[in-house]
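First the structure, in the form of structure tokens, and then the observations on it.
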Amino acid sequence: MKKTITHRVLTSILLLSAFATLLISCSRQPKYDAPPISGNEIVIDIPSLPLETPRFYTYPVKNRKVSFFLLKLNNGVFAFFDACVSCYPQKRGYAYKDGRVTCRACNMSFSIYKLEKGLGGCFPIKIDGEVRGTNYHIPISLVEQNAGKF
């Protein structure tokens, strides 16, 4: 009888520990590779971006990690912060799967083809970058101005 109780207690502790680890690992958005910098801009090589799959980056601003993603579609290249107006205080960002980005905080899901329009409070915050030649340019000052969302 003692062996059974001890086994149950140990099993419960292991399950609770695994669950707590899962919660902690999912509670914050991931950190991504640093973007390439040229002068006072982030400069992304457009041909290197995969078609229809977001590429995420993280740029450090003081003690914050500002994440954003670029998305190359047939009609252009678009950039978004890995945050939305509604859920950014939870600092969880978006996940991508099967042509959709999903808010990790509220589970709202959006087709990558509708992100450009950005209607609604949980859509990713659009970054107004600029295409010049084969590169997409984002002013670092714009990233720094939005660091409060991270």
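The values are calculated or read from the model by the stated rules, or taken from the named source; none is laboratory data. Keep in mind the model is a prediction, meaning the values are calculated, not measured. Cβ placement follows ideal geometry from the backbone for every residue including glycine, while neighbour counts extend to all protein chains displayed.
Worth pointing out:
- For the range 53-73, filtered to residues that are out of contact with any Pro (no Cβ under 8 Å at 6 or more places or on another chain) and basic (Lys, Arg), the residue that is surrounded by the fewest Cβ atoms within 10 Å (Cβ to Cβ) is Lys62.
- Of the criteria (1) farther than 28 Å from Gly39 by Cβ; (2) part of a strand (DSSP E or B), which one Lys114 fails: (2)
- Which listed residue, of Glu41, Glu52, Glu116, is of a type outside the set (Gly, Ala, Ser) and in contact with a His (Cβ under 7 Å, 6 or more places away or on another chain): Glu41
- Looking only at residues in the range 59-103 that are assigned to a strand (DSSP E or B) and of a type in the set (Gly, Ala, Ser), the one that is farthest from His137 (Cα to Cα) is Ala95.
- Residue among Gly93, Gly129 that alone is more than 17 Å from the chain's Cα centre (by Cα) and buried (at least 20 other Cβ atoms within 10 Å of the Cβ): Gly129
- All positions within the range 30-44 that are of a type outside the set (D, E, K, R) and under 9 Å from Ile140 (Cβ atoms): Ile37, Gly39, Asn40, Ile42
- The test for being at pLDDT below 95, touching a strand residue (DSSP E or B) at 6+ places or on another chain (Cβ under 6 Å), β-branched (Val, Ile, Thr) and within 28 Å of Asn40 (Cα to Cα) holds for Ile125.
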